[in-house]
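Report on one structure; see the data block that follows.
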Amino acid sequence: MRANSDPRLISNWSLNRRDLFGLGAGVLAATSAFGVQAQTPARPGAPPPSKPTGVVVVGLSQEPVSFNPLMPGIEVDEVVWTSVFSSLWVAQPDGSLQPDLAVAVPSEQNGGIAEGGLAWTVKLRNDVKWHDGTAFTAEDVKYSLELINSSGFKARTRIGHALVKDIVIKGPHEISWRMEKAYAPYLAMLANTHIVPKHVLGKAADPNTAPFNSAPVGTGPFRWGTRQPGDNITLLANESYHGDGPYLEKAVLKYVPDLTALYAQFRTGQVDLVIISGIPANFYQEAIKLPGRRVAVAPSGNLEIIMPNLGNKAFAEKAVRHALYMSIDKQAIIDAIYYGVPKPTESFAPRESWAFNPNLPVQKRDLATANKLLDEAGWARSGSGTRMKNGVPLEFAVSTTTGNQLREQCQQLMQQDWQQIGAKMTINNMPAAVIWGEFYVRSKFEALLVGTTFRTGVDPDPASRFASDAIPVKGGSGGNYMQWENAEADALMKQGQETFDQEKRKAIYFKLQEIVREEMPILPIFQYAPIEGIKEGLVGYRPNINQRQNAWNLGSWYWAK
């Protein structure tokens with residue numbers, strides 16, 4: 001949901017299609033050259049220092065404000081979470097899981113998962129300490145899992161966790177539990193579940209408002225330092241860390257909300273790294289030529305989509321959704337507005353996933369067929385040109401974040417496209433704090449232009465976004481805000497959760513992608529390709545599509561001499 005905006009990209013907000021194509025054509029060659037630059041690996045430099053030394057300044061366009069990792073937060077908050085806290089295991093760029101607090105990742109092969117996925121046992125490291133010096137034990141894991149499921153706690157998610165029961169402490173460094181049903185994505189959920197200290201948070205009268213939430217204590221490579229609201233957070237090296245590193249003495253997370261100003265600070269060396277929001281596309285030609293700087297197109301599992309609210313009569317029919325989709329000029333959006341960097345997609349799964357189905361029908365802009373679909377479905381043009389059926393006009397608003405200028409340009413293009421098939425679109429944008437609150441999670445929107453993901457951590461399971469029981473406005477728990485209900489899809493998602501056999505799961509998710517492409521509960525535009533900038537000499541930066549931000553391994557970074 002982050003904004004990638006810059007007022008200098010296109011100064012005329014009433015551009016027509018010809019203007020946009022003219023802009024796009026001029027940058028495609030630069031895009032190709034940039035692609036080569038993005039693949040250049042960092043020079044390894046010298047080995048890491050024997051003790052923490054040096055400072056890195058990480059540039060962020062949004063301010064981290066949520067510091068309890070079990071509570072709701074966004075990508076920038078996770079920069080803090082992955083640096084200050086630890087999880088049982090960590091998702092790597094290749095999709096594998098690497099043990100962290102655990103000795104090994106449980107599986108059916110090593111006996112950690114038994115009884116067809118119902119019985120779990122995890123052995124923990126015995127050399128881990130909290131930042132205050134207290135020993136980490138299985139009690140902390142038990143407390144964290146129970147806190148997530150506490151009815152009064154504002155948990156980020158209970159998906160998967162709600163299935164956990166009968167937690168047993170088998171020793172200071174061994175824990176077991178049972179699952180109400182087999183749930184294969186729980187391995188991925190736990191990779192994104194950071195463990196909190198029972199001896200600190202457990203003493204709070206209300207964990208939702210505990211002092212811990214503004215001065216967290218973790219087991220990660222960095223400990224909490226200082227915070228200057230509206231400006232920066234400083235993290236300090238945890239020299240008692242149980243893993244490799246940290247190699248930096250300090251990490252400063254600097255908040256610069258204007259992307260042009262953030263890029264300027266990267267260019268002048270005030271920040272060493274620009275991640276998540278990245279460098280605005282209109283600056284790449286300059287950025288790749290900056291001395292002492294590297295740029296990289298970072299992999300991302302996020303998709304830019306149109307999310308229709310299927311509770312709206314205009315979107316209730318599949319024929320309408322197909323007509324709207326086939327009338328969008330996706331390539332114009334990508335080439336002219338995003339400088340050709342992201343790639344169009346037809347799937348809810350990122351193309352890097354083992355579950356990605358590459359055989360889905362490719363969208364082609366076809367106004368004639370779109371108009372025919374609507375004619376056959378009984379949507380007749382009225383005197384105003386807007387189609388109607390049974391007294392209902394084919395009219396709706398598309399909302400996104402106020403000030404996100406690239407998306408505003410997308411809205412203008414789609415508005416023109418849809419007008420040609422008799423669909424009247426209006427623009428109803430709102431500040432981030434408004435649109436991504438009740439308006440989003442209680443399905444009060446008509447349609448959204450939004451960036452989001454349809455996975456369970458690193459796992460391809462999309463049930464929290466597509467299942468019929470994941471519609472909050474209908475009493476469900478999850479993120480099916482478009483209110484899609486499909487019995488066949490529900491059955492497939494259930495099967496995908498209950499087997500640990502990857503080949504069987506792959507077949508299930510291939511079929512599910514076919515159904516989603518046919519039913520169109522979302523209209524996919526492209527998979528994200530953020531452009532991140534790094535100062536030369538910084539070693540350890542590793543883009544990771546299986547994390548929501550690329551400071552996930554900050555403890556491994558250091559400056560080469």
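The values are calculated or read from the model by the stated rules, or taken from the named source; none is laboratory data. Since the structure is predicted, the reported quantities are computational estimates derived from the model, not experimental observations. Ideal geometry is used to build each Cβ from the backbone, glycine not excepted, and the neighbour counts take in all protein chains shown. These area figures cover heavy atoms from the full protein model, side chains too; ligands, DNA and RNA do not enter into them. Shrake-Rupley method; radii C 1.70, N 1.55, O 1.52, S 1.80 Å.
When region 532-561 is limited to residues that are among the hydrophobic types (A, V, I, L, M, F, W, C) and open to solvent by less than 10 Å² (accessible area, probe 1.4 Å), the one that is farthest from the chain's Cα centre (by Cα) turns out to be Leu538.
Within region 358-376, the set of residues being in a loop (DSSP other than H, G, I, E, B) and either farther than 14 Å from Gln513 by Cβ or open to solvent by less than 60 Å² (accessible area, probe 1.4 Å) (or both) comprises Leu360, Gln363, Lys364, Arg365, Asp366. Counting the residues of region 115-139 that are open to solvent by less than 10 Å² (accessible area, probe 1.4 Å), β-branched (Val, Ile, Thr) and outside any loop (DSSP other than H, G, I, E, B) gives 1.
Among the residues making up region 310-341, those that are open to solvent by 10 Å² or more (accessible area, probe 1.4 Å) and in a loop (DSSP other than H, G, I, E, B) are Leu310, Gly311, Asn312, Ala316, Glu317, Asp329, Tyr338, Tyr339, Gly340, Val341.
Among the residues making up region 458-497, those that are among the acidic types (Asp, Glu) and open to solvent by 70 Å² or more (accessible area, probe 1.4 Å) are Asp469, Glu485, Glu488.
Evaluation of Asp77 against the conditions (1) within 25 Å of Thr452 (Cα to Cα); (2) over 20 Å from the mean Cα position of the chain (by Cα) shows that the sole unmet condition is (2). Out of region 527-554, which residues are assigned to a strand (DSSP E or B) and of a type outside the set (Val, Ile, Thr)? Passing the criteria: Gln527, Glu532, Gly533, Lys535, Leu538.
Listed by first and then second residue, the pairs with beta-carbon distance under 6 Å, at least 6 apart or on different chains, first residue in region 411-428 and over 18 Å from Gly451 (Cβ atoms), second part of a strand (DSSP E or B) and acidic (Asp, Glu), are Lys424/Glu395. Taken over region 227-256, the residue count meeting the criterion of being touching a Lys or Arg at 6+ places or on another chain (Cβ under 8 Å), open to solvent by 20 Å² or more (accessible area, probe 1.4 Å) and part of a loop (DSSP other than H, G, I, E, B) is 4. Identify all residues within region 84-109 that are at pLDDT below 95 and either more than 28 Å from the chain's Cα centre (by Cα) or of a type in the set (Asp, Glu) (or both); write none if there are none. Listed by number, the residues that qualify are Asp94, Glu108, Gln109. Restricting region 273-309 to residues that are among the polar types (S, T, N, Q) and either part of a loop (DSSP other than H, G, I, E, B) or under 16 Å from Arg407 (Cα atoms) (or both), the residue that is most open to solvent (accessible area, probe 1.4 Å) is Asn282. Filtered by the rule that a residue be open to solvent by less than 20 Å² (accessible area, probe 1.4 Å), in contact with a Pro (Cβ under 7 Å, 6 or more places away or on another chain) and assigned to a loop (DSSP other than H, G, I, E, B), region 77-106 gives a lone residue, Phe85. Within region 397-428, the residues that satisfy the criterion of being assigned to a loop (DSSP other than H, G, I, E, B) and touching a helix residue (DSSP H, G or I) at 6+ places or on another chain (Cβ under 6 Å) are Thr400, Gln420, Ile421. When each of Lys154, Lys170 is tested for being touching a strand residue (DSSP E or B) at 6+ places or on another chain (Cβ under 7 Å), of a type outside the set (Phe, Trp, Tyr) and open to solvent by 50 Å² or more (accessible area, probe 1.4 Å), the lone residue that passes is Lys170.
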